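Here, each number is a calculation from the coordinates, and none is a lab measurement. Everything numeric in this text was worked out from a predicted model, so none of it was measured. FYI the Cβ positions are ideal-geometry reconstructions off the backbone, even for glycines, and counts take in every protein chain you see.
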């Protein structure tokens, strides 16, 4: 009897492990166990080519394909990869993002929260922004933390005591708690890999918000981490920081490197002009050092395809 039980032990263990993993996946995706096969099909099998013709994407979206709905919406915004952008249309973007979010697309949930927080294609509604960001977080979407941080920060700033006004201890305490909560959300987003959260944390350390003493060195490090995730705003700010020697030691070679990287990534005339202007004030040895540093950075940055995927994939 013991021998037979010993033979069954691996099977029993495997079966128990499958049950645990299935329940865990059901909880993580917020989908009933019986709905997991359909969810897996939508996520991994019923793939959508983001480069498909708009008419084809629209047909799939109207047929209920949530990835097509999300991609079709994204391609009508300035946030889409440049080669996929269609005519910007906030109404179209909001409508199809909402449809995808209501069907459980986690990235669409976070984006919908972002739209409500900014009033993009819809009237601003911080309560709805918070609701959709919270739903996105429950499905493992890092962008949700950033949106919750934005909403919480705005609510906190509304409670900030005015200069010259009589001190209200409760109002001040509410403001400080709100700011701490907001940056705690940014920290969670940064820990989960959200590049904008990293940049916002850098801003917090630069400004010295409640709970975050002013720390330019840490702010610079966070900007670098954001920049190395291909955040164009962080790259631009880092270049300016190094060029002006404000909040970081002046380093023209590093400033040149980051401006050269930005020029390569954007192809914009204004970025090339800023690079040329900087070069006119540099020694040849500094330029050479900057070019070498830029080459190294460009090798280490996520590829354009990988960056695009981070905005197109459900779970990124």
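If every alpha-carbon in segment 37-141 counts as one equal scatterer, what log10 I(q)/I(0) does Debye give at q = 0.11, 0.15, 0.20 1/Å?
Summing over Cα pairs of segment 37-141 leads to -0.31, -0.58, -1.00.
How long are the three semi-axes of the equivalent ellipsoid for segment 86-205, computed from the Cα gyration tensor as the root of 5 times each eigenvalue, in whole Å, largest first? Write down the numbers at each step before the final one.
On the way: eigenvalues 159, 55, 29 Å².
Here the semi-axes work out to 28, 17, 12 Å.
So for segment 143-229, averaging the separation of alpha carbon pairs under 8 Å that are six or more residues apart and normalising by length, what relative contact order in percent results?
26
Evaluate Rg over Rh across segment 175-254, taking Cα atoms for both radii and Kirkwood's formula for Rh.
0.99
Counting other C-beta atoms within 10 Å, which of 266, 77 has the fewest, and how do the rest follow?
Least to most surrounded, the residues fall as 266, 77.
Normalised by the residues of segment 69-161, what does the relative contact order come to in percent, with Cα pairs under 8 Å and at least six apart? Walk me through the numbers on the way to the answer.
On the way: 148 pairs, mean separation 18.4, N = 93.
Computed value for segment 69-161: 20 percent relative contact order.
If you take the Cα Rg of segment 230-304 and divide it by 2.2 N^0.38 Å, with N the number of residues, what do you get?
The value comes to 1.00.
R0 = 51 Å: FRET efficiency of residue 170 with residue 240, Cβ-based, nearest 0.05?
Efficiency, rounded to the nearest 0.05: 0.85.
Given N residues in segment 145-222, what is its alpha carbon radius of gyration divided by 2.2 N^0.38 Å?
For segment 145-222, the normalised Cα radius of gyration comes out at 1.12.
For the pair residue 181 and residue 49, what calculated FRET efficiency results from E = 1/(1 + (r/R0)^6), where r is the Cβ-Cβ distance and R0 = 41 Å, to the nearest 0.05? Write out the running numbers ahead of the final one.
On the way: r = 41 Å, r/R0 = 0.99.
Taking R0 as 41 Å, the efficiency between residue 49 and residue 181 is 0.50.
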